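Accompanying notes for the structure given below.
The values are calculated or read from the model by the stated rules, or taken from the named source; none is laboratory data. Only a predicted model underlies this, so the values are computations on that prediction, with no experimental measurement involved. Virtual Cβ from ideal backbone geometry, glycine too; neighbours counted across all protein chains shown. Just the protein is used for accessible areas: all its heavy atoms, side chains included, with ligands, DNA and RNA removed. Shrake-Rupley method; radii C 1.70, N 1.55, O 1.52, S 1.80 Å.
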Amino acid sequence: MVDRLVISDIGHRGDGIAQTPGGPVFVPYTLPGETVDADAVQGHPDRRHLLRVVAPSPDRVDPFCPHFGVCGGCAIQHWAEPHYRDWKRNLVVEALSHAKINATVGDLIDAHGEGRRRAVLHARQGTKQIVEVGFSALRAHTLVPIDRCPVLAPGLAGAIDAAWAIADVLGPLKKPLDIHVTATLNGLDIDVRGSGPLDQAHALALTRIAASRRIARITRHGEMVAQVAPPIVRMGKAQVTLPPGPFLQATALGEETLAKLVSEHAGHARTALDLFCGLGPFSLRLAERIRVTAIDSDQAAIDALSRAAQATPGLRQVTALKRDLFTLPMPALDLAGFDTVIFDPPRQGAEAQAREIAKSKVKSVVAVSCNAATFARDAAILIAGGYRLKRVTPVDQFKHTAHVEIVAQFVR
């Protein structure tokens with residue numbers, strides 16, 4: 001059954017919202033003010049498939065990617081930039097308002113830069129025994145085969161072709177592969193997941209692919225298969241050799257922007273505690289002027305950070321420690337020796353750690369988040385503990401999606 005709907009707003013995931021007698025329904029790839037025809041999504045009564053735009057918005061623009069509307073990677077390429085920016089900033093405003101936090105949210109900073117420096121490509125056995133490589137369709141297990149992606153950085157040039165070559169070598173595929181690709185100074189760093197153990201013939205074939213293409217390293221579930229050169233990224237003055245399958249900020253400019261804001265908020269601190277530090281994008285830059293203690297649960301990341309700090313001349317002392325901050329948060333008493341505390345948790349936030357920080361006497365706290373809802377929850381904990389939310393800055397490194405980064409400063 002086809003419904004004719006009028007879109008009133010854009011939701012938190014980038015879908016258009018139409019108000020109906022049965023409640024709000026969500027239609028992707030639509031804009032406020034548009035009249036559209038849409039049909040039902042099986043099993044999801046509040047969702048619709050867009051069939052056609054009957055009356056387009058004057059703010060609709062042509063998408064720049066031919067896969068937009070089929071590939072599920074980008075939610076919004078069809079909205080004029082000023083409205084898109086207002087909507088994305090408002091994601092943070094609404095999250096704070098929902099948590100009853102009164103704060104001024106700064107202008108959205110565009111940190112897309114050259115584009116995404118990491119991507120996860122999926123491979124599966126398609127029809128007629130042909131292996132297909134691409135991205136997932138919107139909220140579906142359907143694969144959209146691609147040969148290019150305009151939101152990827154130049155450093156990922158050749159990544160899609162390399163993923164196709166790897167999938168061909170490992171095919172016919174008994175189950176889907178996830179091919180994680182990261183751009184590094186020495187070429188592509190690729191971790192293949194889902195293949196199962198490799199026999200000698202497959203390992204040799206992947207070694208040949210690495211040698212014949214711009215590939216620094218290929219691993220399988222973190223196990224070394226082939227390395228032509230160490231996969232290195234630069235963080236401030238330091239160069240970090242990546243462990244397999246590492247977490248990095250999506251764009252190089254995104255990392256630099258977040259680190260710059262963190263450094264500004266740290267001010268004239270002489271000592272800093274960097275919680276959920278990862279590979280050290282904040283620690284290694286801060287260590288150019290202050291002493292840093294960095295903590296994360298990932299031992300491989302901690303080791304990579306330590307080696308980079310030791311190999312970089314001119315850095316202040318960096319102490320890197322392994323600790324699971326979800327099950328064993330740093331207690332309030334142990335925070336007393338630091339001028340500033342920084343925390344940058346995964347999407348689930350840092351509720352337990354925020355409670356300990358709230359009980360501490362640290363004068364300056366910098367929160368970095370990739371989830372507006374959990375950021376607002378943790379911010380409310382700090383405010384209840386006596387902190388004042390001084391500054392909130394949204395950062396857009398996942399451009400064309402509903403994801404937004406946040407950097408905030410809390411002071412006593």
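From ALA352, ALA287, ALA311, ALA358, grab the single residue that is open to solvent by less than 10 Å² (accessible area, probe 1.4 Å) and of a type in the set (Gly, Ala, Ser).
It is ALA287.
Looking at segment 156-167, can you tell me whether even one residue there is at pLDDT 95 or above and touching a Gly at 6+ places or on another chain (Cβ under 7 Å)?
No, the conditions are met nowhere in segment 156-167.
From the list ALA103, ALA99, ALA140, pick out the single residue that is open to solvent by 20 Å² or more (accessible area, probe 1.4 Å), more than 20 Å from GLN249 (Cβ to Cβ) and in contact with a Leu (Cβ under 6 Å, 6 or more places away or on another chain).
Result of the check over ALA103, ALA99, ALA140: ALA103.
Against the definition (farther than 19 Å from ARG116 by Cα, among the hydroxyl-bearing types (Ser, Thr, Tyr) and in contact with a strand residue (DSSP E or B) (Cβ under 7 Å, 6 or more places away or on another chain)), how does THR219 come out, yes or no?
yes
I'm trying to understand the selection: among the residues of segment 290-308, which are open to solvent by less than 10 Å² (accessible area, probe 1.4 Å) and within 18 Å of the chain's Cα centre (by Cα)?
Answer for segment 290-308, where residues must be open to solvent by less than 10 Å² (accessible area, probe 1.4 Å) and within 18 Å of the chain's Cα centre (by Cα): just ALA301.
For HIS78, only one of the following conditions fails: (1) open to solvent by 30 Å² or more (accessible area, probe 1.4 Å); (2) out of contact with any helix residue (DSSP H, G or I) (no Cβ under 9 Å at 6 or more places or on another chain). What is its number?
Status for HIS78: all satisfied but (1).
Hey, could you check segment 123-141 for residues that are among the charged types (D, E, K, R) and at pLDDT below 90 and say which is farthest from HIS49 (Cα to Cα)?
Result: LYS128.
Please identify the pairs in which a residue from segment 121-141 that is farther than 16 Å from ILE179 by Cα has its Cβ atom under 7 Å from the Cβ atom of a residue that is assigned to a strand (DSSP E or B) and among the β-branched types (Val, Ile, Thr), counting only partners at least 6 apart or on another chain.
As it stands, the answer is ALA137/VAL144, since those pairs meet every condition given.
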